[in-house]
1. Which residue, chosen from His160, Ser238, His213, occupies the Cα position most advanced towards the positive end of the dipole of segment 136-254, where the dipole is computed from +1 (Lys, Arg) and -1 (Asp, Glu) charges on Cβ about the Cα centre?
2. Under the 0.36 nm per residue contour assumption, what length would be gained going from the current alpha-carbon distance of Arg74 and Asp145 to full extension?
3. On the accessible surface of the chain, probed at 1.4 Å, how many percent belong to carbon and sulfur atoms?
4. Restricting attention to segment 160-199, which GluC sites (Glu not before Pro) occupy a DSSP loop and are surrounded by at most 15 other Cβ atoms within 10 Å?
5. Leaving out ligands and nucleic acids, note down the accessible area per residue over the chain with a 1.4 angstrom probe, in whole Å².
6. Just Ser62, Ser26, Ser105 to compare: in a GNM of the chain, with alpha carbon springs under 10 Å, which one fluctuates most?
7. Keeping all protein chains in position, work out how much accessible area Arg95 exposes to a 1.4 Å probe, and write it in Å² to the nearest 10.
8. Could you work out how far helix 168-179 tilts from the main Cα principal axis of the chain, as a 0 to 90 degree angle to the nearest 10?
Amino acid sequence: MSEGSAGADLNASISDVTTVTIVGASLAGLRGAEALRRDGFTGRINLIGDETHDPYDRPPLSKQFLAGEWGSDRLRLSSAEKLAGLELDMRLGCRAVSLDVGNRSITLDDDTVVSSDAVLIATGARARRLPVADRPGLHVLRSLDDAVALTQAVAQEPKHVVVIGAGFIGAEVAATLRSREIDVTMVDAAEAPMIRGLGVELGTVCAEIHRDHGVDLRLGVDVDDVLGEDHVTGVALSDGTTVEADIVVVGIGA
């Protein structure tokens, strides 16, 4: 099928649609809604998101927001006026739990059923977590709420932070915390930071940059356990050593 005929088929199918539901109120979901309006869709658009915030930009969470340079307002992907102009039925703080293709309906976690002619699934990813019990001082960084909680913990002037995972999120968190003159140890089982995305050679360069800025890198070791019951006190590593910490940030992918 040619590109032209594919576009014609899509336009023909959209012409029969009166209601579109977008599951996921982040970047992809918002851009999908914008594209529908830009292409002339005048029907109803439901935008469902499990967070309570208007669509926002995630990359700054581990950088400018964590550094205290940006507030949450600066993270918005669209102004209030532009968002209102899209005429969306926004259902924030609601999680979609099931899709009934035959009945063209989505059930939310409050048992509300949302019916529509078409569904766009733009749910993104969730942060992976360690198989340990959650407790104060143990953080992930994926959402704005995660970033707020971590920023508030950092404001208590921790003596030491352990970052588990030297991928992009872990490396960015470590660099940002060092810019705030916080002692940081970054742990990863790989031989260099960000090795999956950059390879060994560039990863080794990144390792030297982190070390030059005072990050204590522990590479080629796994985390056996997170220590502390009522609050984290550190981590136990596979080489038999322990690292004390007031905060542990888990950045092991999505």
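The values are calculated or read from the model by the stated rules, or taken from the named source; none is laboratory data. Predicted model, so just to flag it, every value in this text is computed and none were measured. Here the Cβ positions follow ideal geometry from the backbone for every residue, glycine too, while neighbour counts run over all protein chains shown. These accessible areas exclude ligands, DNA and RNA; they are computed on the full protein's heavy atoms, side chains included. Shrake-Rupley method; radii C 1.70, N 1.55, O 1.52, S 1.80 Å.
1. The residue sitting most towards the positive pole is His213.
2. Working: separation 71, 0.36 × 71 = 25.56 nm, distance 1.50 nm.
Between Arg74 and Asp145, full extension yields 24.1 nm more.
3. Details: 6680 of 13700 Å².
The C+S portion of the solvent-accessible surface of the chain is 49 percent.
4. Working: sites: Glu172, Glu181, Glu191; in loops: Glu181, Glu191.
Answer in residue order: Glu181, Glu191.
5. Details: 13700 Å² over 254 residues.
I get 54 Å² per residue for this part.
6. Ser105
7. Roll a 1.4 Å probe over it and Arg95 shows about 110 Å².
8. For 168-179 against the chain, the angle is about 60 degrees.
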